[in-house]
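The structure under discussion appears below in the form of structure tokens.
The values are calculated or read from the model by the stated rules, or taken from the named source; none is laboratory data. Small disclaimer: the values here were computed from a predicted structure and weren't measured. We place every Cβ from the backbone using ideal geometry, glycine too, and count neighbours over all the protein chains shown.
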Amino acid sequence: MTARPIRSLRPPRGTIPTLLLLALAACQPPAQPGGAGDAPSAFTEAGGAFPVPWPFAADTDPVTATEGMVATTDAYASQVGVDILAAGGNAVDAAVATGLALAVVNPEAGNLGGGGFMMVRLADGTVHAQDHREKAPIAATADMYLDGDGNVTDRSTVGHLAVGVPGSVAGMWDAHARFGVLPWADVVQPAIDLANGFEVNVRLVSTLDAAQNGIRAFPASARVFLPGDAVPAIGDTFSQPDLAAVLTRLRDQGPDDFYRGETAALIAAEMERGGGIMTLEDLDRYTTVWRDPATFDYRGYTIHSMPPPSSGGLTMAAIANIVERWDVADLGWNTPETIHLMAESFRRAYADRNEYLADPDFVELPTDEFLSETYADARAATISLDRATPSSDVNPGIEAFLDESHTTHYSVVDGAGNAVAVTTSVNSWYGGKVVVDGAGFFLNNTMDDFTAKPGTPNQFGLVQGARNAVGPEKRMLSAMSPTIVEDPDGNLFLLTGTPGGSTIITTVLQSIMNVVDHGMNVVQAVHAPRVHHQHLPDLVFYEHGGLPTATVDALEALGHTVLERDPGPPDAYFTGGMSGDVQMIMVMPDGSFTGWSDPRRGGKTVGR
Ligand code: DON
């Protein structure tokens, strides 16, 4: 394999040859029985065909629109956003309305009781990064998740101690106050309407089914989400009167109710009942922060993503700066050579991420190194093209839990060219499974994103350092990476983001590389199988059926340990062994939009 220490020059947006895209689509071999490993993969100049069989096609037409577009994991929520655009709202109004709708129809991830990050790029080209991440309560301590013997307990993932001070409500309010044009009441109302009843879909049933034992442990949670002690059936009307009342107060009183009023009192009472440490003072002191975006160049495209306390933007920058030293377009999409280079770059960037990154308000960060070409040169120089570098300090006993806990991403554009990308989370499915009694929403378990004990993996298998230890009012390190990309001329080009815990960063970057390096369209970029490496455990993960046997063999010959993700039970709703739920919008050369929601979780993109 030949290294090409050059900048690959892909044709700028708009000149990606349509013929190549058609070739890629045509190259997709017909589905065949048997595992993907049974069939060789035919790689082409266009970047290669998806393996055989692979459930997602390369030739599906994207959703197209000219006036605006909303891509989310849920059809109701996407429709709410498009309705707000049609009513004269801008992308921020639509994003806020969509986020609140997701808190109702997607309670496993959309939330009032969690937090997240919002990237906004206005039509005037200014870019804004809003941090509405949860914070540790004032009474939190570095060793609060250790037992008497110093071992990590499950208290960071389940129950009342797992809860960080929620930021979503403040985030939605601040974003609307700063950039919205419609009255606040108008953007909250659709969520109230949905809380008064919506038709249960397969995703809600499936996730409740999977989480029901955890939910049942908390009577207030079971009362709302397992009515009659059962998971609601598909087609049932699911009403959430307590949540509707919270949203009505939010509509009428703004965030004061949530942070200082009746809802705050309900949250504090829930904390006291369950032995939590979050207080009225914690809620009262919560504020969002507007931060400088993490901005970097990738082959002439400008990528804007979240800075710390999300690790997403800086880690993507570090990976991109290393990968950029090779012409991966020429090496081919998902060839062993390209995956090797990606895995080696992921490994190095995650090693730094896991050690150095944390809340910038508490810890000094080596931000410049993450963005530095010189540092990337030094890191790239340690990559052998013929051999995987073992991750230092490999612990083969570390188990990786990369499966689908819950976060959700949504992308919104309006006809004027304003763009919003939001990733939000309660961390695990339905957070720590605690519903605030009388308020009807789940609280997060995002405290698990802190380092409970240096060197011990969290629920995503991330082995993180002491800088990310729990501390009063500190924000826990995140991987959430809502991202907006400009083309080489500085025009809005892509919005992308995904859930997936530690895999978020590599998934988002692959969605961009699929377009920039491999010339894929928006559907192909979302459908393409993905790989992942996070330094520890020292494994290249790939999606179930995502790599042909020959590619796996070639990677193993280079010294990688390669692991196919577990497909899970055959009747699982989510396509088994998959990672992520990308919601992507691309601006076309004529200014129109193409968009696609990841079929891995069955979302929907709606345009107008
Ligand atoms: O902030 C983070 O990195 C995690 N709390 C995200 C969790 C997540 O993506 C779970 N969803 N699949």
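Structure data summary
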quantity	calculated
So THR407, is it of a type in the set (Ser, Thr, Tyr), under 28 Å from ASN90 (Cβ atoms), modelled with pLDDT of 95 or more and within 16 Å of the ligand (Cβ to nearest atom)	no
Residue satisfying all of: in segment 403-419; out of contact with any Ser or Thr (no Cβ under 6 Å at 6 or more places or on another chain) and of a type in the set (S, T, N, Q); surrounded by the most Cβ atoms within 10 Å (Cβ to Cβ) among these	SER411
Only one of ASP282, ASP352, ASP327, ASP361 that is acidic (Asp, Glu) and in contact with a strand residue (DSSP E or B) (Cβ under 7 Å, 6 or more places away or on another chain)	ASP282
Qualifying residue in segment 313-326 (condition: touching a helix residue (DSSP H, G or I) at 6+ places or on another chain (Cβ under 6 Å) and closer than 23 Å to ALA452 by Cα)	yes
Count of segment 83-107 residues which are crowded, with 24+ Cβ neighbours inside 10 Å and part of a helix (DSSP H, G or I)	17
Among residues of segment 442-467, those that are modelled with pLDDT of 95 or more, part of a loop (DSSP other than H, G, I, E, B) and within 15 Å of the ligand (Cβ to nearest atom), counted	5
Qualifying positions in segment 426-441 - aliphatic (A, V, I, L, M) and either more than 22 Å from the chain's Cα centre (by Cα) or away from the ligand (no atom under 13 Å from the Cβ) (or both)	VAL434, VAL435, VAL436, ALA439
Among the candidates ALA65, ALA97, residue that is touching a residue at least 40 places away in the same chain (Cβ under 8 Å) and either within 16 Å of the ligand (Cβ to nearest atom) or touching a Pro at 6+ places or on another chain (Cβ under 7 Å) (or both)	ALA97
Some residue of segment 323-345 being in contact with a Phe, Trp or Tyr (Cβ under 6 Å, 6 or more places away or on another chain) and within 16 Å of the ligand (Cβ to nearest atom)	no
Odd one out for THR561 among (1) surrounded by fewer than 22 Cβ atoms within 10 Å (Cβ to Cβ); (2) under 25 Å from MET119 (Cα atoms)	(2)
Qualifying positions in segment 274-313 - within 16 Å of the ligand (Cβ to nearest atom) and among the small types (Gly, Ala, Ser)	ALA294, SER305, SER310, SER311, GLY312, GLY313
Search result, residues across segment 476-496 that are near the ligand (Cβ under 10 Å from one of its atoms) and touching a strand residue (DSSP E or B) at 6+ places or on another chain (Cβ under 6 Å)	SER478, MET480, SER481
Residue list for segment 266-296, filter: of a type in the set (Asp, Glu) and touching a residue at least 12 places away in the same chain (Cβ under 8 Å)	GLU270, GLU281, ASP282, ASP284, ASP292
Single residue of GLY68, GLY113, GLY89 found to be at positive phi and at pLDDT 95 or above	GLY68
From the options VAL470, VAL422, residue that is touching a residue at least 24 places away in the same chain (Cβ under 8 Å), of a type in the set (A, V, I, L, M), within 16 Å of the ligand (Cβ to nearest atom) and surrounded by fewer than 24 Cβ atoms within 10 Å (Cβ to Cβ)	VAL470
Some residue of segment 512-520 being within 16 Å of the ligand (Cβ to nearest atom) and out of contact with any Phe, Trp or Tyr (no Cβ under 6 Å at 6 or more places or on another chain)	no
Test: residue in segment 241-252 that is surrounded by 15 or more Cβ atoms within 10 Å (Cβ to Cβ), touching a helix residue (DSSP H, G or I) at 6+ places or on another chain (Cβ under 8 Å), touching a residue at least 60 places away in the same chain (Cβ under 8 Å) and not in a helix (DSSP H, G or I)	no
